[in-house]
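Notes to accompany the following structure.
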Amino acid sequence: MLSGGYKPCAMHGFSYKNGALHCENVELSALAADYGTPLYVYSGGTILDHFTRLDAALAGVDHELAFAVKANSNLSVLRLLVTQGAGFDIVSAGELFRVIKAGGDPAHCTFAGVGKTRAEIVYALEQGIYSFNVESEEELRYLNQVAGELEMVAPAAVRVNPNVDAKTHKYISTGKSENKFGVDFEKIEDLYARAAAELPHIRLRGVQMHIGSQLTSVAPFIEAVERVRPLVMRLKQRHGIEFWSIGGGIGIVYQGSLESGDPAWWQGCLPEDLPLTIAQYGAELVPRLKDLGLRILVEPGRYIVGNAGVLLTRCLYEKKGAAKTFKIVDAGMNDLIRPALYEGHHEIVPLQQPVTDATVAVDVVGPICESGDFFCQNRELPDFQPGEVVALMSAGAYGFTMASNYNSRPMPAEVLVEGDTTTLVRKRQTLEDLIAGEL
């Protein structure tokens, strides 16, 4: 049985078995012992399950799932998705390079981002990407210039800003007129007309939109699709576009409940009272997209990998002050910056299942010399002790990809679990690695 009123909308590879937290069939405490901490651990089965569920939900339309590489760019994670026929949404030449190294096809890559450099444009053109998702008229004209210098034609789609409020955190909202992304809705048709008349080295292949990340309601998706659909049909009629990228943004659950005695306490899917499940996402959008005669690109990132990863960290000390109790762990904001950057919530769970419901109010903090280096504040948690390892849940998206060497701390290792099999997919950095590129 599922706990917490959760629907079985997504499989999750982490659960307690015989009192020990596992990733699929592998005990996490064994991974911490073998590979050290901090340590990222990914569930391959969860990644594949989430990809196939979303793919099936969109079965009624001609579509492609273009995984947002910025969410998790580990080569082995990308390779898993290559085996499923995924396309890829990239935002840098480095991400394109990673996709190619993982066996991905550049012809199934779309290149987004507001600040593409000449070197990145040249590299992407030479590799034969499917389309540049262009964020401004200035960028479109520069793309035409570079393509002309290479005697090539650049496939492009302009990103339309539908001015839809995704009602998400301001740092991950992208679809309003005040955001830096895309071209104002009212200016798109004139821009396409000018491009067709004045830019001979541009092929207008499609149109793109993306309203934000971590959406937990289907309503903003519906609003954006209904607002942009008439525009898309006019662009198809006048310019022969062949695809419409509707972006990503499907949210995941970061905050769950630990129910004593239930080994399936964390299911990684949306609660019944939230108006967004993958089934509903498909049920609402497929009828609005299926008869357009266009390929629909969807750019999921967080949904595919967010609940497929955890960050393991060891408690170093407990510091009891007059006002607070601090649990000091060996992971820091350089390893997982979401809580410091935009107050991102991660469940913090001991690797050994608590035998009682007793909790203490603590701040879990890292070793970085910043007051913002915390993973939670004033949260009721099981009273784990120095030497014990805990898991920061839902760390598979925007975890390692946003990590840094701040305070000259080596980057953590990454491990991929598939059933009983464990693979080290990134070695832990050494102190020598820290200075390898310096003179």
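The table below lists the values:
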| item | result |
| --- | --- |
| Answer residue from segment 360-391, given it is within 30 Å of A436 (Cα to Cα) and of a type in the set (A, V, I, L, M) and is surrounded by the fewest Cβ atoms within 10 Å (Cβ to Cβ) among those | I368 |
| Output for segment 318-354, where each listed residue is assigned to a strand (DSSP E or B) and over 24 Å from G399 (Cβ atoms) | E318, K319, K320, T325 |
| Close pairs (6 angstrom Cβ cut-off, 6 or more residues apart or separate chains): of a type in the set (D, E) in segment 294-307, crowded, with 24+ Cβ neighbours inside 10 Å anywhere | E299/A66; E299/A68; E299/D89; E299/G247; E299/G248 |
| Test: residue in segment 117-129 that is β-branched (V, I, T) and under 18 Å from the mean Cα position of the chain (by Cα) | no |
| Filter result for E343 (at pLDDT below 95 and not assigned by TED's automatic domain parsing to the domain that holds H50) | yes |
| Tally, over segment 291-325, of residues that are surrounded by fewer than 19 Cβ atoms within 10 Å (Cβ to Cβ) and under 26 Å from V158 (Cβ atoms) | 4 |
| Every residue from segment 382-439 that is in contact with a Ser or Thr (Cβ under 8 Å, 6 or more places away or on another chain), of a type outside the set (A, V, I, L, M, F, W, C) and farther than 22 Å from L78 by Cβ | P382, D383, P410 |
| Hey, E126 within 22 Å of A193 (Cβ to Cβ), without any contact (Cβ under 8 Å) to a residue 60 or more places away in the chain, of a type in the set (D, E) and part of a helix (DSSP H, G or I) or not | no |
| Some residue of segment 37-50 being of a type in the set (G, A, S), at pLDDT below 95 and closer than 12 Å to V305 by Cα | no |
| Single residue of segment 164-221 satisfying the filter (charged (D, E, K, R) and at pLDDT below 90) that is nearest to E137 (Cα to Cα) | K180 |
| Residue in segment 354-375 that is within 19 Å of C23 (Cβ to Cβ) and charged (D, E, K, R) present | no |
| Only listed residue being in contact (Cβ under 8 Å) with a residue 60 or more places away in the chain and closer than 30 Å to N307 by Cβ, chosen from L96, L81, L140 | L81 |
| Any hit, segment 348-359, residues being in the same structural domain as Y406 (by TED's automatic domain parsing), touching a helix residue (DSSP H, G or I) at 6+ places or on another chain (Cβ under 6 Å), of a type in the set (A, V, I, L, M) and surrounded by 14 or more Cβ atoms within 10 Å (Cβ to Cβ) | yes |
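Rundown of residues vs (1) modelled with pLDDT of 95 or more; (2) over 30 Å from P300 (Cα atoms); (3) outside any loop (DSSP other than H, G, I, E, B), yes/no style:
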position: T356; (1), (2), (3): no, yes, no
position: P367; (1), (2), (3): yes, yes, no
position: S371; (1), (2), (3): no, yes, no
position: C376; (1), (2), (3): yes, no, yes
position: G387; (1), (2), (3): yes, yes, no
position: A391; (1), (2), (3): yes, no, yes
position: S394; (1), (2), (3): no, no, no
position: S404; (1), (2), (3): yes, no, no
position: P410; (1), (2), (3): yes, no, no
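The values are calculated or read from the model by the stated rules, or taken from the named source; none is laboratory data. Bear in mind that the values here come from a model prediction, so they are computed numbers and not experimental data. For neighbour counting, all protein chains shown are included, and Cβ atoms are generated from backbone atoms with ideal geometry for every residue, glycine included.
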